[in-house]
Amino acid sequence: MENLSKADTNVFDKTGTLTEGKFVLKNEPNREYLQIAASLENKSTHPLASAIKEANKEELLPVDQLENIPGKGIKGTIDFHTYLIGSLDLLKENNIDTKEVKTPYKVLYLAELNVGQLEAFIVADKLKDQSKEALSDLKKEHSKKNIILSGDEEKIVLAVKDEVNADDALYELLPEEKLTEIKKMKEAKHKVMYVGDGINDSPSLLASDVGIAMGGLGSDAAIEASDIVIMDDNLMKVAEAKRLSKKTLSVVYLGIFLSIFLKILVMVLVSTGVLGNYAMIVSSIFDTGVMVICVLNALRMLFYKPKYIKQPKKA
């Protein structure tokens, strides 16, 4: 609780934390080519394929001689036409003239043998709706830096960094490299809060001063390694947790101050004889009274209203 209130460096994993871990189509391709691409990708379980299949609204076409080319794409025949879908390298290997699409996101290229490149499908991991606001909200809680640590490609990570207005981003990191970065921050006397969801985030969650895991889609290992679990994956609750920790500590510190101050006050009054014959009665009342005052002070937490959690409407 105390570490969370003092955390000045907030570190976020990208995939599944700032993003939904669900790929969507970013551009609007030709409907006929999208139908062909979805038909080719129909039996693929690759996350990029799911974005194309979900975007297609047309009936799937029968595919013959379907061939999965590991790490590169898919080849298949539709209505006696042979198509390829996958990376640019796949097209080049089949002697197809290519035109690369300049984008920070993933791209799948569709081509027809003996015809050429037909279409490009730009696919991106969808950013959570509240990611940008969540990082901005943390800055309002006097955090110095919001940092992204990701194993993804440079251009993709930097694009997400710009979208959420993070202060810094490190990319193409292995789990042990993420852990090294966390240790460097702690050695620089920063209080580090790490927010992640995957099994690869577990070492960083354990090493940080406060580890927060996404409980909805997060792995069991990440949840076990964390100090706090957000059950609905709502990033707005990260800043809410920090506000709650600050409020709780302020109540605790006030309770400590009141109990010590009132005890000392009564001791002074009794020892100096100011209370005279009433010293025994007053000290007895104060002994119980201080406890009651501290309990009433603690009960102030019942009136705490979370900023981003909807309050029930009064009837």
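The values are calculated or read from the model by the stated rules, or taken from the named source; none is laboratory data. Since we're looking at a predicted model, the values are computed, not measured. Glycine also receives a Cβ, built like all others from the backbone with ideal geometry; neighbour counts cover every protein chain displayed. Just the protein is used for accessible areas: all its heavy atoms, side chains included, with ligands, DNA and RNA removed. Shrake-Rupley method; radii C 1.70, N 1.55, O 1.52, S 1.80 Å.
Remarks
- Per atom type, the chain shows carbon and sulfur on 56% of its accessible surface, probed at 1.4 Å.
- Leading residue at positive end of dipole, the stretch 1-111 (Cβ point charges), from 49, 1, 80: 1
- Among 275, 21, 214 - extreme Cα towards positive end, dipole of the chain, charges at beta-carbon: 275
- Working from Cα pairs under 8 Å separated by at least six residues, relative contact order for the stretch 165-315 is 14 percent.
- The convex hull drawn around the Cα atoms of the stretch 1-91, when projected onto a plane and averaged over every direction, covers 8.9 nm².
- Cα-derived Rg to Rh of the stretch 229-270, Kirkwood definition: 1.39
- Length released on extending from residue 113 to residue 231, taking residue separation times 0.36 nm less the Cα-Cα span: 37.6 nm
- Comparing mean-square fluctuations of 107, 160, 295 from a GNM of the chain with C-alpha springs under 10 Å, the top value falls on 295.
- Whole-number accessible area per residue in Å² for the stretch 173-254, which is evaluated in the context of all protein chains at 1.4 Å: 45 Å²
- Summed residue charge, Cβ within 15 Å of residue 128's Cβ, Lys/Arg positive, Asp/Glu negative: -4
- Solvent exposure of the stretch 31-108 as accessible area per residue, Å², 1.4 Å probe: 62 Å²
- In a simple Cβ point-charge model (Lys, Arg +1; Asp, Glu -1; nothing else charged), the stretch 1-49 has a dipole of about 140 debye relative to its Cα centre.
- Electrostatic dipole magnitude of the chain [Cβ: Lys, Arg +1; Asp, Glu -1; Cα centre; debye, to 20]: 2060 debye
- Local electrostatic count, residue 81, Cβ distance below 13 Å [Lys/Arg +1, Asp/Glu -1]: -3
- Dimensions of the stretch 1-156 based on its C-alpha atoms, expressed as ranges along the principal axes with the largest first, amount to 67, 30, 24 Å.
- Between residue 278 and residue 136, the modelled label-to-label distance comes to 5.8 nm, taking each label 7 Å out from Cα in the direction of the beta carbon.
- Kirkwood-based Rg to Rh ratio, the chain, C-alpha trace: 1.23
- Value of Rg to Rh for the stretch 191-313 (Rh from inverse mean 1/r over Cα pairs, i.e. Kirkwood): 1.25
- Qualifying GluC sites (Glu not before Pro) in the stretch 121-176, DSSP loop, other Cβ atoms within 10 Å at most 16: 153, 172
- Spin-label pair residue 271/residue 54, simplified geometry with 7 Å Cα→Cβ offset, distance in nm: 7.0 nm
- Under 20 Å from residue 26, Cα to Cα: lysines that are on another chain or at least 8 residues apart: 14, 53, 57, 99, 102, 106, 126, 128, 132, 155, 161
- Helix content alone sets the calculated 222 nm mean residue ellipticity of the chain: runs of n ≥ 4 DSSP H residues at -39500 (n - 2.57) each, divided across all residues, give -13000 deg cm²/dmol.
- Lys, Arg +1 and Asp, Glu -1 on Cβ, resulting dipole of the stretch 81-175 about Cα centre, debye, nearest 20: 300 debye
- Within the chain, helices built from complete DSSP H runs that reach 27 Å or longer along their own axis (Cα positions) and carry a mean Kyte-Doolittle hydropathy of 1.6 or higher are 279-298.
- Mean separation of Cα pairs under 8 Å and 6 or more residues apart, divided by the residue count, gives the stretch 137-189 a relative contact order of 35 percent.
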